[in-house]
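Since the structure comes first, as structure tokens, the remarks are kept for the end.
The numbers here are math on the coordinates, done by the rules we state, and not lab data. Bear in mind the structure is a predicted one, so any value in this text is a computation, not a measurement. Don't worry about glycine lacking a Cβ; one is built from the backbone with ideal geometry, like all the others, and counts go over all protein chains shown.
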Amino acid sequence: MRKVLIAPSLFGADPLNIERSIESLKNNYDWFHLDIMDGHFVRNLSFGPEYCKALRKRYPDAFIDTHLMIDSLGVLLPIFLKTGSSSITIHAETEPQLLHASLMQIKQAGLKAGISICPPTPVDSIRHVLDLADLVLIMSVTPGFGGQKLIEGTLEKARELVSLREVHKYNYLIEIDGGINENNITDAVLAGCDVIVAGSSVFESKDPAQWIANARTGIKEALKDFDRT
Ligand code: DX5
Ligand code: ZN
């Protein structure tokens, strides 16, 4: 059975008690998902590089999955490469002419390199760099805000990425980000997603650790049924 990773989005944590929010996960997470917003690429602001460094210092063994929703990669990418992130994901819509070079920059720094596509952006637009990707992040909502509803049509991209990976022997994990809740998480897994980001549904639940435990059980059952068919 394939492994599915759960990545709580810290953007959904209590901003005045992020450490307490993290403790409420009781170590039952695989990655931390960290959203970086610049007020240009998206209409919101979130964390900066110092936050990311502090997270690394406090959780030395965690996989920090940093998602850059920013315009000025030339200025900020070199800074984020030195924050202790485990992976850096950049958007295909940001400076598409530099996408290949930026991914190379991330890989040369020894980090996992991710490419993200917004809901209107087709998988076709990143075909030329899929061989470089360790991660492909499908945005399933308009980026910038937590608590939105998943746009159903975006799951189709996961199926497309699964078949491209099979045909071309690519190595990327497929990640989904936005609007994931207890009712649609197995749909995302069955569509082929390997990494599930969830913010508000995890941190606004009564018991975040239990939310993840239930999600893992649901995923296991769904994959068992899927393998049988
Ligand atoms: C949205 C961010 C997401 C966000 C997900 O722009 O990229 O990571 O935190 O939040 P939920 O799970 O609430 O949609
Ligand atoms: Zn994100």
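A few comments on the model shown:
- Distance violations [Cα-Cα > 24 Å] among Lys26/Lys149; Lys26/Lys82; Lys26/Lys53; Lys26/Lys107; Lys112/Lys224; Lys3/Lys112: Lys26/Lys149; Lys26/Lys82; Lys26/Lys107; Lys112/Lys224
- Summarising the label geometry, the points placed 7 Å from Cα in the beta-carbon direction at Gln97 and Glu166 lie 3.8 nm from one another.
- One quarter of the surface of the convex hull around the alpha-carbon atoms of the range 167-229 equals 5.0 nm², the direction-averaged projected area.
- Kyte-Doolittle at least -1.0, axis length at least 15 Å by Cα - qualifying DSSP helices, the chain: 155-168, 208-228
- With N as its number of residues, the range 1-137 has a Cα radius of gyration that, divided by 2.2 N^0.38 Å, comes to 1.04.
- Between Gly74, Gly12, Gly114, the Gaussian network model of the chain with springs among Cα atoms under 10 angstrom shows the greatest mean-square fluctuation at Gly74.
- Sparse packing (at most 15 other Cβ atoms within 10 Å of the Cβ) combined with a DSSP loop state is found for the following trypsin sites (Lys or Arg not before Pro) in the range 1-95: Arg2, Lys3, Lys26, Arg43, Lys82.
- Per residue Cα convex hull volume in Å³ - calculated over the chain: 118
- Taking all Cα pairs closer than 8 Å and separated by 6 or more residues, the relative contact order of the chain comes to 21 percent.
- Working note: Cα atoms of the range 60-115, range along each principal axis, descending, whole Å: 34, 19, 17.
- A Gaussian network model of the chain, with springs between Cα atoms under 10 Å, assigns the largest mean-square fluctuation among Asn17, Asn184, Asn44 to Asn17.
- Positive minus negative residues near Leu223 (Lys, Arg vs Asp, Glu; Cβ under 12 Å): +2
- Averaging Cα coordinates gives a centre for the range 129-206 and one for the range 88-105; these two points are 19 Å apart.
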